[in-house]
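Some notes on the structure that comes next.
Derivation of every value follows stated rules applied to the coordinates shown; laboratory data play no part. The model shown is predicted, which means the values in this text are computed figures rather than measured ones. Using ideal geometry, Cβ is built from the backbone for each residue, glycine included, and neighbour counts are taken over all protein chains shown.
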Amino acid sequence: MGSTITEKILAKHCNQDTVSPGQLINADIDVIMCHDVTTTPALTMLEEKGLTEIARPDSIVVIPDHFVPNKDIKSADMVARIRRWVKANQIQKFYDLGRHGVCHGILPEQGHVAPGLTIIGADSHTCTHGALGAFSTGIGSTDLAAAIATGKLWFKVPESILFNLKGKLPEGVYSKDVILEIITRIGVDGALYKAMEFRGELIDSLSIEARMTICNMAIEAGGKSGIIEADDKTLAYLNGRYKGEFEVVTSDPDAEYSKTYDIDVSALEPVVSFPHLPSNGKKISEIREDVKLDQAYLGSCTNGRIEDLRIAAEILKGRKCHPETRMIVVPATTDIWKQASKEGLIDIFMEAGATVTAATCGACLGGHNGILAAGEKCISSTNRNFVGRMGSPKSEVYLGSPATVAASAIAGQITDPRKYLQ
Amino acid sequence: MCAKAHVYRRDHINTDEIIPARYLNDDTEAALAKHAMEDLDVNFIKTVAQGDFVIAGEDFGCGSSREHAVWALRGAGVKVVVADSFARIFYRNCLNNGFLAIECKGLSQKVDSGDEMEIDVTNSVLTNKTKGKEYRFIPLPQFALDIIEAGGLLDYVGKK
């Protein structure tokens, strides 16, 4: 019996020939990602336990992103403390304001992700980085502290689910629609504890950024990780970014999967997930009611990359946001911001009546930078629409692709983006 | 002291509901405890007492990795969360804190809020003293018991 890509990466990182699902292992961790909200508690724990030595400072990447630029005094204190820790321990990979961004935007963009690595982050969307063929998973603050101190972390080797994605996407339909459709089919715990492995004609046709959107939302199906084998596109993306050595790992033809889904996307439509679960997806043609919008939000680790901004700008160019719908654009990283500016995308957004802010997780998690009032409705390119996720527990979040967000901002209500792409 | 059940017959209770992000600029247990379960049930914090049980359906603790969810519940006095199943990161976080997360299918349908509860970890039995019923749960794996015994993951790895 062969092994999956996930099993092979984990086996290599615990010095075993093979590992099996269910097995408990203590794995070496190549990359440890820290952000503001979950890292400060880890620092407290490490101090309390006297575990102040970092096992491998080189493995640590620090990216404050949730409440930056600092939203209040307590948040400022948190980042100030992280800054002191970074300095005291001479951590080199630190992305402070000015070169900052949403952690899952920065990590691959700045060359910290490569195939075959083990990556953990104290953030649930760390599964994003599986798009480059790495094992990458979200953990909590205690796990983070343990990994910082020991360079290792315990895992139960997950079973894998295989998603064979066939066909090519029709115009106006994007990888966000694909992952919302998958989550709607299998449910928010449809992949609980499992590695979600994506492959097939669709994946081959997608850009690396579009693949990241798919892996990013593995957690919204309960997944431990999302993963896609590296191909020529991956290697081209890594060229000039990743400085170290790496090994491309692939699944054996006779690897065992706990389940296999064959999904043809050729006839897929834009999908919008209604409150209050990502699995409440509806095909755009099936939405009968008018959902009037107070806000349209484009950004986040799911869909705040340059391609997402280009897609939205194509629709917004020469058009105006609805007078009763505020649009907020949050490029995910500083470099994305710069690129968008060079390409004239920022002008297009501003001319359309949108506002463009500094990179931050911000309103995606109801932190700051675009919080919703009671009764307000928002279409968002983000990943969660839980109760109160973007502000008031009485507000509503609808999830869609960047194209759907842009089109809906213009119409002032949830709208099929294909209307503006003809 | 009698431990009371707080029953939520719902699946997918997420960590945003357990502790909303607006309170994540403070990671002290006392500060977080004041807002435990706020976006799910504003009355929870008024009725919860030391040693109480939270009992819910499938996929408890899904969503954000914030360990603050465990600290908010523990700070509010909760001793055990029993659910049909747990989301992965929340479960790790419970274990790593030496906090009891117990899988027991269907318990939220059999227990009512206010019922007096007891847990016997060694024998994997939950007792509903109000209804005079016992329920067996999936025993915690030895690895989990070792971490709990050590007082949490950091003490466990510290000892090793």
Mean separation of Cα pairs under 8 Å and 6+ residues apart, divided by the residue count of the stretch A:142-256: what relative contact order is that in percent? 26 percent
Across A:Lys283/A:Lys320; A:Lys93/A:Lys317; A:Lys377/B:Lys79; A:Lys49/A:Lys87; A:Lys12/B:Lys105; A:Lys152/B:Lys46, pairs whose alpha-carbon gap is larger than 32 Å: A:Lys93/A:Lys317; A:Lys377/B:Lys79; A:Lys12/B:Lys105; A:Lys152/B:Lys46
Expected integer from the mean partner chain Cβ neighbour count at 10 Å over A:128-139 is 1
Using θ = phi - 60° and Karplus 6.51 cos²θ - 1.76 cosθ + 1.60, couplings along the stretch B:19-27 (whole Hz; Gly, Pro as x): 8, x, 4, 5, 9, 7, 7, 9, 10
Which loop trypsin sites (Lys or Arg not before Pro) in the stretch A:230-318, with loop taken from DSSP, have no more than 11 other Cβ atoms within 10 angstrom of their Cβ? A:Lys243, A:Arg288
Could you work out the relative contact order of the stretch B:3-159, using alpha carbon pairs under 8 angstrom and six or more residues apart, expressed as a whole percent? 23 percent
Chymotrypsin sites (Phe, Trp or Tyr not before Pro) lying in DSSP loop within the stretch A:1-101, provided at most 11 other Cβ fall within 10 Å: none
With DSSP loop assignment and no more than 15 other C-beta atoms within 10 Å, the trypsin sites (Lys or Arg not before Pro) in the stretch B:1-82 are B:Arg9, B:Arg10, B:Lys34
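When a footprinting reagent is the concern and you count Cβ atoms within 10 Å, what order do B:Cys2, A:Cys321 take, fewest first?
Taking fewest neighbouring Cβ atoms as first place, the list is B:Cys2, A:Cys321.
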Let me test this: with uniform point scatterers at the alpha carbons of the protein assembly as shown, what is the Debye-based log₁₀ I(q)/I(0) at q = 0.09, 0.10, 0.13 1/Å? -0.64, -0.80, -1.40
For chain A, averaging the sequence separation of alpha carbon pairs under 8 Å that lie six or more residues apart and dividing by its residue count, the contact order in percent is 18 percent
Here the whole-number average of other chain Cβ atoms within 10 Å per Cβ of B:151-157 is 6
19 Å Cα-Cα reach of A:Lys74 towards aspartates and glutamates, excluding residues that sit fewer than 8 places from it in its own chain: A:Asp36, A:Asp65, A:Asp96, B:Asp26, B:Asp27, B:Glu29, B:Glu67
Using every pair of alpha-carbon atoms in the stretch A:279-422, split the distances into 5 Å bins beginning at 0 and state the percent of pairs per bin, rounded to integers. 2, 12, 22, 25, 21, 12, 5, 1
Mean other chain Cβ within 10 Å across A:387-395 is 4
Gap in Å between the Cα centre of the stretch A:361-412 and the Cα centre of the stretch A:171-236? 22 Å
Candidate aspartates and glutamates for bridging to A:Lys168, where Cα separation is under 17 Å - those fewer than 8 sequence places away on the same chain excluded: A:Asp177, A:Glu181, A:Glu201, A:Asp204, A:Glu209, A:Asp262, A:Asp264, A:Glu269
Residues whose placed amide H lies under 5 Å from that of A:Tyr261, excluding near-sequence neighbours: A:Leu162, A:Phe163, A:Asn164
